[in-house]
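Colleague: One structure follows; several queries about it will come next.
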Amino acid sequence: SKPIAGSEGYWGQFSDVFDPAFREAIRKRVEQQNGKAIGDPLCIGFFVDNELGWGKEDSLALAALASPREQAAKQVFIADLKGKYGTVAALNAAWGTTHASWEELLSSQERPDPDRAHDDLVVFYTKTAETYFRTIRDELKAAAPNLLYFGCRFAWVNDRAARAAATFCD
């Protein structure tokens with residue numbers, strides 16, 4: 001599915017879990033296992049994905065902000081910020097930025113000071129990780145309710161991603 005354009009990873013960019021194409025890609029991939037792993041009496045469950053670029057606990061939020069305006073993750077993040085701050089002036093005061101409007105922030109691909117924006121960045125990172133694991137779990141359980149979802153295979157991980165996996169994986 002479509003990646004978060006501003007993301008990086010050892011093996012590639014992170015999927016934009018807020019883009020509807022992500023859920024559809026998971027659904028199609030799971031459907032391909034019908035009559036194969038799904039239905040195999042020796043299969044007890046699935047890992048989905050390998051060695052994702054989870055990065056630091058703020059990396060996926062920073063990547064969303066560094067992406068083009070049409071990026072679904074960026075749109076969701078800015079909507080969350082609007083809900084929290086109300087005005088771009090309040091966001092600017094908290095982050096030390098100078099955006100003239102929410103539209104300007106949407107068009108900007110500059111990353112904020114991660115120390116000033118830290119609390120908001122980690123909240124959105126957590127939302128991204130939880131959406132990733134929840135979406136996969138929901139699609140997998142819809143097609144194979146009696147099989148286990150083991151999560152992804154972690155090579156590098158941070159606590160926020162691990163906690164999200166613990167919440168939604170078997």
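Colleague: Tell me the GluC sites (Glu not before Pro) within region 1-106 that lie in a loop according to DSSP and have at most 16 other beta-carbon atoms within 10 Å.
Modeller: On the way: sites: GLU8, GLU24, GLU31, GLU51, GLU57, GLU70, GLU103, GLU104; in loops: GLU8, GLU51, GLU57, GLU70.
Answer by residue number: GLU8, GLU51, GLU70.
Colleague: Take the alpha-carbon positions of region 95-153, form their convex hull, and give its projected area averaged over all directions (one quarter of the hull surface) in nm².
Modeller: Numbers: hull surface 24.5 nm².
Across all orientations, region 95-153 yields a mean hull projection of 6.1 nm².
Colleague: Taking the Cα centre of region 66-110 as the origin and placing charges on Cβ (Lys, Arg +1; Asp, Glu -1), which of LEU91, SER107, SER67 is farthest toward the positive end of the dipole?
Modeller: LEU91
Colleague: Follow-up question, since we're still on this one. I need the P(r) histogram for the chain: all alpha carbon pairs, bin width 10 Å from 0 out to the longest distance, whole percents.
Modeller: The distribution over the chain is 10, 37, 31, 15, 6, 1, given as percents.
Colleague: Looking at this model, which pairs from LYS2/LYS84; LYS84/LYS141; LYS2/LYS56; LYS28/LYS127; LYS36/LYS74; LYS56/LYS141 are more than 31 angstrom apart at the alpha-carbon? Write down the numbers at each step before the final one.
Modeller: Values: LYS2/LYS84 27 Å; LYS84/LYS141 33 Å; LYS2/LYS56 21 Å; LYS28/LYS127 24 Å; LYS36/LYS74 37 Å; LYS56/LYS141 29 Å.
Cα-Cα > 31 Å for LYS84/LYS141; LYS36/LYS74; rest within.
Colleague: Could you calculate the FRET efficiency of TYR10 with GLU110 from 1/(1 + (r/R0)^6), where r is the beta carbon distance between them and R0 is 30 Å, rounded to 0.05?
Modeller: 0.75
Colleague: Given charges of +1 on the Cβ of Lys and Arg and -1 on the Cβ of Asp and Glu, with all other atoms neutral, how large is the dipole of region 106-156 about its Cα centre, in debye to the nearest 20?
Modeller: Working: 7 positive and 8 negative charges, 69 e Å.
The dipole magnitude comes to about 340 debye.
Colleague: Of the accessible area of the chain, with the probe set at 1.4 angstrom, what percent is carbon plus sulfur?
Modeller: On the way: 4570 of 8840 Å².
With neighbouring chains kept in place, the figure for the chain is 52 percent.
Colleague: Okay, next question. Are there trypsin sites (Lys or Arg not before Pro) in region 88-155 that DSSP marks as loop and that have at most 15 other Cβ atoms within 10 Å, and which are they? Spell out each step's value before the answer.
Modeller: Details: sites: ARG116, LYS127, ARG134, ARG137, LYS141, ARG153; in loops: ARG116.
Those satisfying the criteria are ARG116.
Colleague: Taking the Cα centre of region 23-115 as origin, work out the dipole magnitude from +1 charges on Lys and Arg Cβ and -1 charges on Asp and Glu Cβ, in debye rounded to 20. Show your work: numbers first, answer last.
Modeller: Working: 11 positive and 14 negative charges, 71 e Å.
Roughly 340 debye, rounded to the nearest 20.
Colleague: Most mobile of GLN33, GLN75, GLN109 per a Gaussian network model of the chain (Cα springs, under 10 Å)?
Modeller: Of GLN33, GLN75, GLN109, the Gaussian network model singles out GLN33 as fluctuating most.
The values are calculated or read from the model by the stated rules, or taken from the named source; none is laboratory data. From a predicted model like this one, the values you see are computed outputs, not experimental measurements. So basically every Cβ, Gly included, is an ideal-geometry build from the backbone, and we count neighbours across all protein chains shown. Protein only, heavy atoms only, side chains kept; ligands, DNA and RNA dropped before computing areas. Shrake-Rupley method; radii C 1.70, N 1.55, O 1.52, S 1.80 Å.
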